[in-house]
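Right, one structure below, let's go through it.
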Amino acid sequence: MRPEMNLRISPRTVQQETVGKLRLAIFSGVFQPGSRLVESQLCAQLGISRPSLREALRSLEAERLIEIVPNRGPSIPALSWEEATAIYEVRELLEVEAAGRCAARILPEQVQALEKSLVAFEAAAASNDSAAQVMTAADFYSIILANCGNAILEEVHRGLLARISFFRGRSMSLKGRAASSLAEMKDIYEAIAAGDVKAARKASKRHLLKAKAAAKISIESVT
């Protein structure tokens, strides 16, 4: 007797997939800062109902990736360099500390996982796939955070991930930035793999400063 399986897609699954696709579209620049999101067009593009779309939009609003203004509807927030600066300052506090801690305690099998994520980012950088670049870079850092030995540090960083990815997408949009990021991330990986705490911190800070500078150029070009 063949086993039975319930193949029905739940509304929750539809909502999660919708949030994921819209989030990627925002990160990769499909929707430009300041632009309005037309619900009827999004429903047609995504093949979903308006209630499902609105539920997804509320999730994205909670992540501060969109804003919903009464009588105007949803839109992509205009880029603020002040907010970007704050995000990069917090990233420096969290990621430099995490890189150093990770170098001191990461296990060999997790070093292999970190190398695998770096290879995935290298492929994304070569393909000029902006969405893949953002997501593979996030995967690289998630391994570092998961192995830093501080669950609260990881939790705080995860809470900022959507906005970090938003500005990472702006930074990666600059020509040549993905290749530069790859070289900087290789330095971070090599320091962690070698167990060099000081070098890991230094490489992480250098990477963040260069990413911040690239994001500033990108943001100023659209404001």
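Quick note: the coordinates plus some simple rules give every number you see, no bench work behind them. Here the structure is a predicted model, which means the values were calculated and not measured. Glycine gets a Cβ as well: all are built from the backbone with ideal geometry, and neighbour counts include every protein chain shown.
Report the one residue of V19, W81, Q32 whose Cα lies farthest in the direction of the positive end of the charge dipole of region 8-113 (charges on C-beta: Lys and Arg +1, Asp and Glu -1; origin at the Cα centre).
Value: V19.
Under the rule a/c < 1.5 gives rounded, and otherwise a/b versus b/c splits prolate from oblate, where does region 11-75 land using the Cα gyration tensor?
rounded
Under the Kirkwood approximation applied to all pairs of distinct alpha-carbon atoms, what is the hydrodynamic radius of region 81-220 in Å?
Radius from the Kirkwood sum: 14.7 Å.
Calculated from DSSP H runs of 4 or more alone, at -39500 (n - 2.57) each and per residue, what is the 222 nm mean residue ellipticity of the chain, nearest 500?
-24000 deg cm²/dmol
Please report, in debye to the nearest 20, how large the charge dipole of region 72-223 is about its Cα centre when each Lys and Arg carries +1 at its beta carbon and each Asp and Glu carries -1 there.
340
Using only the Cα atoms of region 35-133, what do you get for the radius of gyration and for Dmax, in Å?
Cα only, region 35-133: 19.2, 55 Å (Rg, Dmax).
Please determine, in degrees from 0 to 90 and to the nearest 10, the orientation of helix 50-62 with respect to the longest principal axis defined by the Cα atoms of the chain, where the helix direction is its Cα long axis.
30
Percent relative contact order of region 11-75, based on C-alpha pairs within less than 8 angstrom and at least six residues apart?
39
Around V69, with a cut-off of 15 angstrom between Cβ atoms, what is the net charge of the other residues, counting Lys and Arg +1 and Asp and Glu -1?
+2
Student exercise: in the chain, how many lysine pairs 8 or more apart or on different chains have Cα atoms under 20 Å apart?
Close lysine pairs under the 20 Å cut-off: 14.
Tell me the relative contact order for region 81-220 as a rounded percent, counting alpha carbon contacts under 8 Å between residues six or more apart.
38
To the nearest 20 debye, what is the magnitude of the charge dipole of region 11-75 about its Cα centre, counting +1 on the Cβ of each Lys and Arg and -1 on the Cβ of each Asp and Glu?
Charge dipole, region 11-75, about its Cα centre: 60 debye, nearest 20.
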